[in-house]
1. Between ASN272 and PHE89, what is the label-point separation in nm under the 7 Å Cα-to-beta-carbon projection?
2. Only bridges with both residues in the chain count here: give the DSSP antiparallel percent, nearest 5.
3. Modelled label-to-label distance, ASN446 and LYS485, 7 Å Cα→beta-carbon offset: nm?
4. For a Förster distance of 35 Å, can you work out the FRET efficiency between the beta-carbons of LYS460 and LYS188, rounded to the nearest 0.05?
5. Regarding segment 390-485, what whole-number volume in Å³ per residue does the convex hull of its Cα atoms give?
6. Using the 2.2 N^0.38 Å rule of thumb for compact globular proteins, work out how segment 1-45 stacks up: its C-alpha Rg over that value, please.
7. Is the shape of segment 276-341 best called rounded, prolate or oblate, per the rule: a/c under 1.5 gives rounded, else a/b larger than b/c gives prolate, else oblate, with a ≥ b ≥ c the square roots of the Cα gyration tensor eigenvalues?
8. Once phi is turned into ³J(HN,Hα) by the Karplus curve 6.51 cos²θ - 1.76 cosθ + 1.60 with θ = phi - 60°, what whole-Hz value does each residue of segment 255-260 show in order, with x for glycine and proline?
Amino acid sequence: MEFTLKNKKLSDDLFNELEQEVLKGWHTGEGLTIADGIAYQKTLPESKNFAKKLIEADELGKTLTQPRAGVALPKEHIELLQYLEDAGFADLLPSTIDAYTRLNRYEDAQVGIDESVKNGRSMLNGFPAVNHGVEICREVVNSVKSPVQVRHGTPDARLLALITMAGGFTSYEGGGISYNIPYSKDIKLEKTIFDWMFIDRLMGKYEEAGITINREPYGPLTGTLVPPCISHSVAIIESLLAAEQGCKNITVGYGQLGNIVQDVAAIKSLRNLTRYYLDRFGYNDVHVTTVLHQWMGGFPHDEAMAFGVISWGAAAAVLSRATKVIVKTPHEAMGIPTKEANAAGLKATKQVVNMLQGQDLLELHDVHLEAGLIEMETKSIIDRTLDMGDGDIAVGSVRAFEAGIMDIPFAPSKHNIDLAFPARDNEGAVRFIEFGNLPFSQHIKNFHEKKLNVRGKVEKRDVSFQMSIDDIYAISEGRLVGRPK
């Protein structure tokens with residue numbers, strides 16, 4: 001279908017036309033109606049509503065814990081979630097979707113399901129919700145006490161959204177930028193932004209019927225030394241796009257970088273900036289919460305060392321007053337974790353969260369200064385993006401990526417100019433070695449250069465891309481900054 005990209009709420013006629021087209025994508029979409037999904041959602045207790053649990057935690061100043069988890073077969077998937085809820089004390093639950101579904105390869109996902117039945121173990125790296133359909137999704141939701149979120153990585157996640165929302169899930173992760181540029185090579189940004197407008201309008205329809213659905217832009221992006229201003233800009237843009245379509249509960253996220261001052265400042269500034277831009281465009285009734293993703297890069301193979309990384313992520317989350325924390329496992333370096341390893345990561349995180357609950361570093365002087373820097377950088381990017389779109393954030397986002405005003409480090413997409421490169425400074429905060437076409441003032445550039453030059457002098461080497469490479473592997477080797485050996 002041809003379309004003109006614009007950040008404007010989809011008309012009912014256009015939405016309905018798109019819905020009928022999307023539902024033909026797999027047989028489980030046959031006969032599905034939003035009205036039936038809304039009716040089912042109304043039967044669920046408030047305790048299973050993701051958005052309401054986040055709001056309650058936010059008001060109490062609590063940090064909730066949530067794992068990643070998903071396997072191929074319903075019975076085993078339910079057992080996994082129940083185990084993480086009971087043995088891991090998870091406050092919120094996921095259904096992580098398999099890789100075939102993320103690519104809309106439902107026939108291949110079905111082969112994986114059949115092979116899983118034959119082999120007696122999951123042959124997929126997640127839960128194929130589209131293939132299983134609405135009724136099985138409802139079985140999953142009914143089997144646990146906590147709210148369940150759909151976590152995936154799907155550029156075109158429209159059918160997945162229709163099925164899982166009708167299936168009783170009350171939170172949906174991703175966005176037209178965050179699930180395209182860091183994940184795909186050739187997909188046009190205009191297409192994914194438009195497809196996610198459909199998803200956000202779907203959530204808006206549930207909202208208008210009295211069912212609050214939580215929306216969460218994917219914060220870590222490539223998960224590789226992404227400076228806060230880059231991930232913040234994407235989160236804010238996707239929040240504005242979602243709010244225009246009627247979403248009222250948005251959780252903006254950030255991937256832990258490791259320097260505690262920068263991490264706390266990042267969560268603080270992310271909340272403030274998202275609120276600022278939503279209010280600026282009149283979306284005053286949108287509730288904003290935050291999520292910190294524990295370290296997304298390479299992990300140590302040693303389990304004890306891995307628990308150290310996990311616990312540091314837990315501390316960063318609670319000391320920044322993040323509303324929730326996405327928890328890693330001590331088996332990150334070894335592939336898909338066992339349920340026991342997943343629960344162990346949750347318990348370690350819960351212990352740190354419980355010990356630090358009520359404490360924060362938000363008013364620390366250095367945090368205030370770092371948050372101010374992040375806000376300046378982010379506003380530079382967002383405001384230039386709006387200018388490039390003549391005030392339209394959807395149009396501006398496409399043009400900004402074309403021009404390198406928006407630039408995600410290490411992204412595979414050919415629609416990402418890939419000229420901005422990060423590295424850690426001497427204290428482990430992530431700075432820019434190369435700015436590419438990022439629209440920063442000379443003052444901001446001088447700050448980054450000064451910080452990196454200090455590291456260069458300490459390490460007796462030139463500031464170069466080698467620092468970035470060294471930093472990528474540092475945590476897996478037991479350090480934060482990739483010093484020369």
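What follows draws every value from the coordinates through simple rules; no lab data is involved. Nothing here was measured: the structure is a model prediction, and the numbers come from that model. In this analysis, Cβ positions are derived from the backbone assuming ideal geometry, glycine residues included, and neighbour counts consider all displayed protein chains.
1. For the pair PHE89/ASN272, the computed spacing is 3.2 nm.
2. If I count the DSSP bridges inside the chain, around 15 percent turn out antiparallel.
3. Each label point is offset 7 Å from its Cα along the Cβ direction, giving 3.9 nm.
4. So, using R0 = 35 Å, E works out to roughly 0.15.
5. For segment 390-485, the hull spanned by Cα atoms encloses 113 Å³ per residue.
6. Ratio of Rg to 2.2 N^0.38 Å for segment 1-45: 1.45.
7. Values: a/c = 3.45, a/b = 2.74, b/c = 1.26.
Cα axes put segment 276-341 in the prolate bin.
8. Here the 3J(HN,Hα) series is x, 3, 10, x, 7, 5 Hz.
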